[in-house]
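Taking it in order: structure first as structure tokens, then the write-up.
The values are calculated or read from the model by the stated rules, or taken from the named source; none is laboratory data. Quantities reported herein were computed from a predicted structural model and do not represent experimental measurements. As a convention, Cβ positions derive from the backbone with ideal geometry for all residues, glycine included, and neighbour counts pool all protein chains shown.
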Amino acid sequence: MSAVPATRSEEAELGSEQAFLDLLHAQVDARTAELSRQLAATLAAGGGGTAQARLERQADAERLAGQLTALRAAEQQLCFGRLDLDDGERRYVGRIGVRGPRPEDDPLLIDWRAPAARPFYTATPAARQSVARRRHLHVRERTVVRVDDELLDADAAGAADTGLTGEAALMSALRAERTGRMRDIVATLQAEQDRIIRAPHTGVLVVQGGPGTGKTVVALHRAAYLLYTAPRLNDRGVLVVGPNTVFRGYISQVLPGLGETSVLHRAVAELYPGVTATGAESDAAAEVKGRAVMAQVLAAAVRAHQAEAAAPVRVRLGGEDLTLDHHWLRETADAARRTLLPHNLARPVFCRAVIGEVARRLARVIADIEDRFEDDLSDRIDAAQLDRAVARDLAAVFGADAPPVDLALQGRQELADAQEHWLAVLPGDPGMRRLLDRLWPVLTPQSLLTELYADPAALAAAAPSLTPAERALLRRPPGGPWTTADVPLLDEAAELLGFDHGAALERSARERAEEVAYAQGVIDIARGSRAGEDEDGGEGARLTAADLVDAERLAAGYREADLSTVAERAAADRSWTFGHVIVDEAQELSAMAWRLLVRRCPSRSFTVVGDVAQTGEAAGSVSWRDALAPHFGDRWRLERLSVNYRTPVEIVGAAAGVLAAIHPEIEAARAVRASGEEPWRERVPAGELAARLAERVRQEAAAVGAGRLAVLVPATDLARLADVVRRAVPDASWGPEADLDRGTVVLTPRQAKGLEFDAVLLVEPGSVLESSARGLGDLYVALTRATRRLGVVHTGEIPAVLRGLAEKPE
Ligand SMILES: Nc1ncnc2c1ncn2[C@@H]1O[C@H](COP(=O)(O)OP(=O)(O)OP(=O)(O)O)[C@@H](O)[C@H]1O
């Protein structure tokens with residue numbers, strides 16, 4: 001491939017591309033105005049008409065709001081590429097498809113996901129796919145500022161092939177300063193990435209790749225591609241799971257930027273609606289909680305609440321002392337379990353059986369009393385004489401049809417009536433309720449886990465396969481915050497227990513609050529749409545949702561036309577099942593977390609991305625086969641990414657020793673560029689660490705300018721070192737909710753997982769290494785976060801794996 005001098009003057013090229021871009025924006029603006037008018041009219045129609053009409057309006061409003069969102073998202077970099085084909089055809093590629101002014105016109109702009117756009121990413125001099133020229137348009141706001149051309153001609157075929165598509169545009173994207181937020185890469189996707197993005201959505205696709213190979217960004221573009229090509233996925237949505245909330249914030253703008261709203265981003269800690277896990281715990285405890293055996297432990301813990309009486313149960317009901325046989329209770333519990341219903345839903349089955357038994361017993365008691373009474377009477381009255389008297393009376397009334405005198409039958413009827421009476425009364429009887437709550441209590445996932453963690457005897461009974469030391473790791477007094485490793489256990493428990501009323505109530509409260517907020521959002525969309533309309537705008541341009549209806553009226557319309565996105569609906573609903581799930585940093589997931597995710601997508605349509613060399617969590621895995629086999633068998637496909645776009649060769653070299661120590665057989669991804677800046681290490685006396693670190697932080701912060709600096713420190717020293725950094729750079733942010741918009745952040749290597757910065761200062765690598773069994777993985781993550789500069793500050797001996805790092809020059 002060769003960079004070409006423009007055939008016409010560059011100015012003329014820019015001029016003609018500008019004219020085309022203006023035409024595109026005019027089309028998009030007109031469409032936006034039209035859609036907002038339609039949306040306003042639909043919502044203004046309110047909730048009247050038949051149920052069918054309301055449903056149709058709801059579907060219309062949802063569709064229009066979605067289209068408006070996509071149009072607004074395409075505002076930046078609407079068009080970024082052009083293909084000139086051998087036959088003279090010219091194809092423009094952009095973020096969305098744009099039609100010509102008349103229906104019969106060819107499309108003006110092709111959506112990057114359409115098959116016709118594919119050669120833009122995959123044509124090479126060796127396999128041109130009829131492409132003569134590929135052009136990248138660099139656009140700022142609505143202005144074309146530069147074009148980069150590649151000719152895929154015979155000369156180019158002979159030149160050294162870098163294997164990169166649109167190299168100039170790619171390098172300029174990679175050199176750009178980091179902003180603290182991941183950006184989309186539609187303009188510079190590479191062929192190996194494109195292949196993964198366009199892979200069919202069914203089944204499990206695993207993408208293994210070293211740091212910076214674009215796994216995350218590719219997975220997100222794949223979500224956008226799947227939603228475009230399989231629109232029915234929009235109904236169920238796509239779940240994107242990442243390792244922590246900082247990471248979620250880091251990637252959260254990519255898909256909305258691509259116009260996709262049917263995507264829910266969640267950290268593992270947030271996957272159980274209604275709970276945000278903020279608690280910390282040891283790696284060892286998290287590892288035990290993540291083991292697959294915990295599913296059996298929880299099942300046993302639930303079972304322990306199902307009439308597991310070891311002795312007969314005595315109870316006073318209906319004024320009587322009753323004894324319920326424990327064998328009978330167990331059999332009754334077995335029968336309730338045989339329904340295969342979860343605990344809370346099987347409870348009524350059990351309760352009905354117990355109430356029935358108690359009612360029978362109480363009725364029997366009455367019958368017994370009556371029997372005794374009759375026996376008593378019979379001592380004093382002649383029964384035969386009584387029968388004859390009754391028969392005479394009956395014959396006087398019924399004549400020949402008189403029923404026989406049958407006192408036994410009369411007794412059975414009384415028994416049935418008494419039983420009926422008790423069946424009606426007992427369910428409301430406080431004593432009965434107490435008994436049932438004792439024998440088969442209603443449980444919430446939270447109550448089950450809290451009790452299990454707090455009660456050593458219950459834990460020992462439920463988890464006989466764990467050692468006493470492992471069980472001790474799970475011990476916790478009630479009341480503390482939930483941890484990330486608790487989340488899959490809460491979810492498993494919810495599955496065993498059945499419908500979770502708490503979450504449902506919370507959901508409806510949240511939804512009510514969101515209605516007004518959403519309606520306001522619709523108005524904002526409509527208002528925003530006016531920004532691009534022509535100055536002299538006609539009737540259509542002036543008529544928007546905001547003009548027609550106010551927020552409250554829209555809220556009423558919204559209540560009718562549920563416009564919440566699929567993602568919002570899915571977020572509050574544990575039982576929601578997604579059309580596709582993307583798991584990032586998947587090597588960190590425990591077996592229990594995998595179980596949770598499979599429940600969220602029973603069709604097992606997954607994209608799993610990660611790097612088994614970066615595993616930090618003790619519960620994580622170092623082999624895809626081991627991690628996936630229990631959930632997917634061997635029904636998964638592996639793809640690899642081999643080019644490192646983030647870290648320059650210098651930093652790849654610095655991390656090579658660590659990678660070799662983790663996985664000698666894994667080859668480091670090939671870096672596409674050099675930064676010209678050598679990574680360094682500096683040993684400082686322990687007493688001078690604070691002063692020297694502050695000095696280095698100031699220097700690096702100055703070196704990155706408007707870019708981003710991360711100071712990565714051992715978890716054990718986070719607070720103290722964050723303090724040191726904040727003395728040097730007062731607005732530096734730190735902690736689990738660190739604000740990536742700030743120029744400097746202080747994080748642990750685990751918190752930095754998946755993120756990237758212009759420069760990284762790693763402090764005390766020895767402690768990072770020692771503080772966990774997976775310390776090498778943490779160290780590797782820390783070393784591979786920087787796009788330009790890396791420095792290591794340490795007080796003790798440098799770990800052997802880092803000896804190759806050069807000493808900082810004076
Ligand atoms: N084709 C591309 N064009 C432009 N930038 C790219 C391209 N591919 C990857 N990048 C950039 O490279 C960086 C690394 O990508 P990403 O974070 O997805 O890598 P990763 O493989 O997930 O890394 P890690 O395993 O370290 O989390 C990002 O800034 C991303 O935008």
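In table form, for the structure just shown:
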quantity	calculated
Inter-residue pairs, beta-carbon under 8 Å, first farther than 15 Å from residue 575 by Cβ and in segment 230-241, second basic (Lys, Arg), 6+ apart	240/266; 241/266
Among the residues listed as 246, 240, the single one being over 23 Å from residue 69 (Cβ atoms), of a type in the set (A, V, I, L, M, F, W, C) and within 19 Å of the chain's Cα centre (by Cα)	246
Positions within segment 739-775 being among the aliphatic types (A, V, I, L, M), surrounded by fewer than 23 Cβ atoms within 10 Å (Cβ to Cβ) and over 23 Å from residue 661 (Cβ atoms), in sequence order	740
Which listed residue is touching a His at 6+ places or on another chain (Cβ under 9 Å) and modelled with pLDDT of 90 or more, from 131, 186, 206, 139	186
Where residue 660 falls short, out of the listed (1) surrounded by 19 or more Cβ atoms within 10 Å (Cβ to Cβ); (2) over 21 Å from the mean Cα position of the chain (by Cα)	(1)
Tally of residues being within 26 Å of residue 66 (Cβ to Cβ), of a type in the set (A, V, I, L, M, F, W, C) and part of a loop (DSSP other than H, G, I, E, B) across segment 257-287	2
Cross-chain or 6+ apart pairs with Cβ under 6 Å, segment 174-201 first and in a loop (DSSP other than H, G, I, E, B), then more than 10 Å from the ligand (Cβ to nearest atom) and small (Gly, Ala, Ser)	177/706; 177/707; 178/707; 184/257; 201/230; 201/605
Unique residue being away from the ligand (no atom under 13 Å from the Cβ), of a type in the set (Phe, Trp, Tyr), assigned to a helix (DSSP H, G or I) and touching a residue at least 60 places away in the same chain (Cβ under 8 Å) when the list is 250, 225	225
Residue match in segment 120-129 (condition: touching a strand residue (DSSP E or B) at 6+ places or on another chain (Cβ under 6 Å) and over 20 Å from residue 257 (Cα atoms))	yes
Residue match in segment 152-167 (condition: in a helix (DSSP H, G or I) and either closer than 21 Å to residue 645 by Cα or near the ligand (Cβ under 10 Å from one of its atoms) (or both))	yes
From 140, 91, 133, 102, residue being farther than 22 Å from residue 231 by Cα, crowded, with 19+ Cβ neighbours inside 10 Å and more than 16 Å from the ligand (Cβ to nearest atom)	91
The lone exception for residue 268 - which of (1) under 14 Å from residue 586 (Cα atoms); (2) in contact with a Lys or Arg (Cβ under 7 Å, 6 or more places away or on another chain); (3) away from the ligand (no atom under 13 Å from the Cβ); (4) not aromatic (Phe, Trp, Tyr) it fails	(2)
Condition check for residue 100: closer than 30 Å to residue 262 by Cα and not in a strand (DSSP E or B)	yes
Inter-residue pairs, beta-carbon under 7 Å, first closer than 22 Å to residue 494 by Cβ and in segment 426-450, second among the hydrophobic types (A, V, I, L, M, F, W, C) and loosely packed, with under 14 Cβ neighbours inside 10 Å, 6+ apart	none
Any chance residue 752 is within 30 Å of residue 183 (Cβ to Cβ) and in contact with a helix residue (DSSP H, G or I) (Cβ under 6 Å, 6 or more places away or on another chain)	no
Odd one out for residue 59 among (1) under 26 Å from the mean Cα position of the chain (by Cα); (2) closer than 30 Å to residue 92 by Cα	(2)
Residue in segment 680-702 that is modelled with pLDDT under 95 and part of a loop (DSSP other than H, G, I, E, B) present	no
Residue 578, sole failed condition from (1) within 16 Å of the ligand (Cβ to nearest atom); (2) surrounded by 24 or more Cβ atoms within 10 Å (Cβ to Cβ); (3) under 26 Å from residue 487 (Cβ atoms)	(1)
Residue that is farthest from the ligand (Cβ to nearest atom), among those in segment 228-247 that are among the polar types (S, T, N, Q) and either outside any loop (DSSP other than H, G, I, E, B) or farther than 29 Å from residue 279 by Cα (or both)	234
Count of residues meeting criterion [touching a Lys or Arg at 6+ places or on another chain (Cβ under 7 Å), surrounded by fewer than 17 Cβ atoms within 10 Å (Cβ to Cβ) and not in a helix (DSSP H, G or I)] in segment 419-464	1
Given (1) away from the ligand (no atom under 12 Å from the Cβ); (2) surrounded by 15 or more Cβ atoms within 10 Å (Cβ to Cβ); (3) charged (D, E, K, R), number of the condition residue 646 does not satisfy	(1)
Residue 191 being surrounded by fewer than 23 Cβ atoms within 10 Å (Cβ to Cβ) and aliphatic (A, V, I, L, M)	yes
Single match in 173, 191, 219, 187 (criterion: of a type in the set (A, V, I, L, M) and more than 9 Å from the ligand (Cβ to nearest atom))	191
Segment 602-615: number of residues that are of a type outside the set (Val, Ile, Thr), modelled with pLDDT under 95 and either within 12 Å of the ligand (Cβ to nearest atom) or buried (at least 20 other Cβ atoms within 10 Å of the Cβ) (or both)	5
Residues satisfying the stated conditions in segment 673-711, i.e. crowded, with 21+ Cβ neighbours inside 10 Å and more than 21 Å from residue 738 (Cβ to Cβ)	679
